[in-house]
1. How many of the residues in region 1-59 are assigned to a strand (DSSP E or B), among the β-branched types (Val, Ile, Thr) and either modelled with pLDDT of 95 or more or under 16 Å from the mean Cα position of the chain (by Cα) (or both)?
2. Quick one: how many residues across region 79-110 are exposed (fewer than 15 other Cβ atoms within 10 Å of the Cβ), in a loop (DSSP other than H, G, I, E, B) and touching a residue at least 40 places away in the same chain (Cβ under 8 Å)?
3. Condition (residue is under 11 Å from residue 106 (Cα atoms) and part of a strand (DSSP E or B)) applied to region 62-73: is it met by at least one residue?
Amino acid sequence: MEEKCNVVINGIEYTRREAITENYVIVRTRSAGVHAGELISHSGLDVELKNARRIWYWDGAASLSQLAMEGVSKPENCKFPCEVTKIILTEAIEIIPCTQKAQESIQGVKIWKK
């Protein structure tokens, strides 16, 4: 059973945010789609990831923001191909750090292939 870590200050209840991982991110690009992986480097619009998966189609998250915070709730419907050892993405327009929960969810999606 998961224990909640809530705090009440001046009558307002606050819930502790999920911990953000140090280097697992989701990257959205202009033309290469969306990828999730471990951030190696970032310079201008270029992003280098290792152990990365293309996020071809996801279900169970309304947006990339929710995907980065909560992962997917319907992994059986997701289409994430196999992981690649390394990828260099150009024209990155968004880099979102993921929570540990989201990382585990993304990595846990069954490999989609044809």
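The values are calculated or read from the model by the stated rules, or taken from the named source; none is laboratory data. Note that the structure is a prediction, hence the values are computed from the model and not measured. As a convention, Cβ positions derive from the backbone with ideal geometry for all residues, glycine included, and neighbour counts pool all protein chains shown.
1. Total satisfying the criteria: 9.
2. Qualifying residue count for the region: 2.
3. Scanning region 62-73 turns up no residue that is under 11 Å from residue 106 (Cα atoms) and part of a strand (DSSP E or B).
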